[in-house]
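Notes for the one structure printed next.
The values are calculated or read from the model by the stated rules, or taken from the named source; none is laboratory data. Note that the structure is a prediction, hence the values are computed from the model and not measured. A quick note on method: Cβ atoms are made from the backbone with ideal geometry, for glycine too, and the neighbour counts reach across all protein chains shown.
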Amino acid sequence: MNDEDFIRLTACEAVDLLARGEVSPFDLLDVAEARTADTDGVLNALPTLCFDRARSHADRLAKGSRDVDRPDYLHGLPIAVKDLSDVAGVRTTYGSLAFADHVPERSDYMVERLEANGALVAAKSNTPEFGAGSQTFNEVFGTTTNPWNTALTPGGSSGGSAAALAAGQVWLATGSDHGGSIRNPASFTSTVGMRPGPGVVPHGPIRLPFNTLAVNGPMARTVEDAALMLDAMAGLDHRDPLTRPAPPTPYRSAAAEPVPPKRVAFSPDLGLGPVDPEVRRLCAEGARRFVEVGTVVEEACIDFHDAVEIFEVVRAVYFSGDRAHFLEQHRDTFKQELVWNIEEGLRVDAEKITWAERARGELYHRAAVFFDTYDLLLCPAVVAPPFDHRRRYLEEVAGVKFEHYFGWLVMAFAITLTACPSMSVPTGFTDDGRPVGLQMVAPMGREAELLSAAAVFEALTGLKDRVPLDPRVGEPI
């Protein structure tokens, strides 16, 4: 096999070759390093490389057991880890000047699990400061661009991971998602990104271990690859109070042998605001593809009437609880949106917090009742296609202005509030070639069913072979 053949392997294909000993981890590390060197000059997706560390890990794997036969074992597959997650001995900045020289002594629980399951961390992927804002730029490393058109953003905050996957720099990557930070960049790069329910993937050590807004999840080029990554990430960890055991049947099995859902609902906008007309059209056409496999598709939606106000409160409280202690020392280096969101949290009173928590509980109950009727809720992952990477965020869509820097993420953050697993799967391209993802949402705890339905949809669209691609230097749209 030549380098191009290696690059085009799916993660599942690569792991199967590794398991049979037909390729070595060192072969894939060499290919990944060369591909990154060839493409990252225009993308800036993987600003921190740690290939030497990965090769040392590969040496240790080679000296260990060669008869590992577990579905969650990656057999020395190189991956990228988002720069919000600590990797021991590797520069980890969180996209912040305040931590520009930070080198943690220990890894995040998720990273420990991935490495124990045979992953080789080859690089850290770029992210906005502390993941705030779904456009990947920061004062430490600069801006990440989109392989489909380098004048555009790949989204964020897991934009570096998404861009690296779309360009074939790595086969799998980690992401984290609070208000759409996995789903948004997956949509913008025609890749697959999954936000599991809280507690599926260990997370920490963190200051707010009982928080359910921010979760880690898999990013990949195909649905089965995402399922493979989730198998390697998921499981009980007593250090994270929300975690639960991995299911007895691997997630990869659900994606490899998919079963069509019986009845799904589609909403073009969740009743929450403007959606770009082309995004609306492409997602509606995508949802109707399920009819081809006998699924009943109806237009219906969970009642999200108070979701925006709920999210504004719980997000602000999360930001202040997690980051307010940094303000006094680092205010002058934090980006303006981050300072504003932390201070909003400090201003929220107990009455408003109590209302938001009660309202979120009521929203969850409405979602549970909704899923008594439907197997899935389908909707756009993002209200618009990728935009000029020089813009900090979208201020308006279809003539409607958003109040906050995260207002344009409403299609994702409304779903976050339900704690339901969700993911973005490619559904098509705008007339000018910009990727669009369909968001798929399943009932709480039904990650396997979600992956199964997503694999059915992926087969219907036939889009999974569109990545990886060579970065396309383009003009702003």
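Report every pair of residues separated by at least 6 positions or lying on different chains whose Cβ atoms are under 7 Å apart, first residue within the range 341-357 and under 18 Å from residue 407 (Cβ atoms), second part of a loop (DSSP other than H, G, I, E, B).
341/132
Go through (1) surrounded by 21 or more Cβ atoms within 10 Å (Cβ to Cβ); (2) at pLDDT below 95; (3) in contact with a strand residue (DSSP E or B) (Cβ under 9 Å, 6 or more places away or on another chain) one by one and return the number of the condition residue 273 breaks.
Unmet condition: (1).
If you scan the range 429-475, which residues turn out to be farther than 20 Å from residue 283 by Cβ and touching a Lys or Arg at 6+ places or on another chain (Cβ under 8 Å)?
Answer for the range 429-475, where residues must be farther than 20 Å from residue 283 by Cβ and touching a Lys or Arg at 6+ places or on another chain (Cβ under 8 Å): just 468.
Considering only the range 137-158, state which residues are touching a residue at least 60 places away in the same chain (Cβ under 8 Å) and under 13 Å from the mean Cα position of the chain (by Cα).
Once the filter is applied, which keeps residues that are touching a residue at least 60 places away in the same chain (Cβ under 8 Å) and under 13 Å from the mean Cα position of the chain (by Cα), the range 137-158 yields 154, 155, 157, 158.
Just give me the residues in the range 188-217 being crowded, with 24+ Cβ neighbours inside 10 Å, more than 21 Å from residue 449 (Cα to Cα) and β-branched (Val, Ile, Thr), in sequence order.
189
Name every residue in the range 58-99 that is of a type in the set (Lys, Arg), under 19 Å from residue 201 (Cα atoms) and either assigned to a helix (DSSP H, G or I) or without any contact (Cβ under 8 Å) to a residue 60 or more places away in the chain (or both), in order of residue number.
Taking the range 58-99 as the starting set, the residues that turn out to be of a type in the set (Lys, Arg) are 60, 63, 66, 70, 82, 91.
Okay, now just the ones that are also under 19 Å from residue 201 (Cα atoms), so 70, 82.
Correct list: 70 only.
Looking at (1) in contact with a helix residue (DSSP H, G or I) (Cβ under 8 Å, 6 or more places away or on another chain); (2) crowded, with 24+ Cβ neighbours inside 10 Å; (3) among the polar types (S, T, N, Q), can you tell me which one residue 150 breaks?
Unmet condition: (2).
Look at the range 333-367 and say how many of its residues are over 26 Å from the mean Cα position of the chain (by Cα), of a type in the set (A, V, I, L, M, F, W, C) and within 30 Å of residue 95 (Cα to Cα).
Selection size over the range 333-367: 3.
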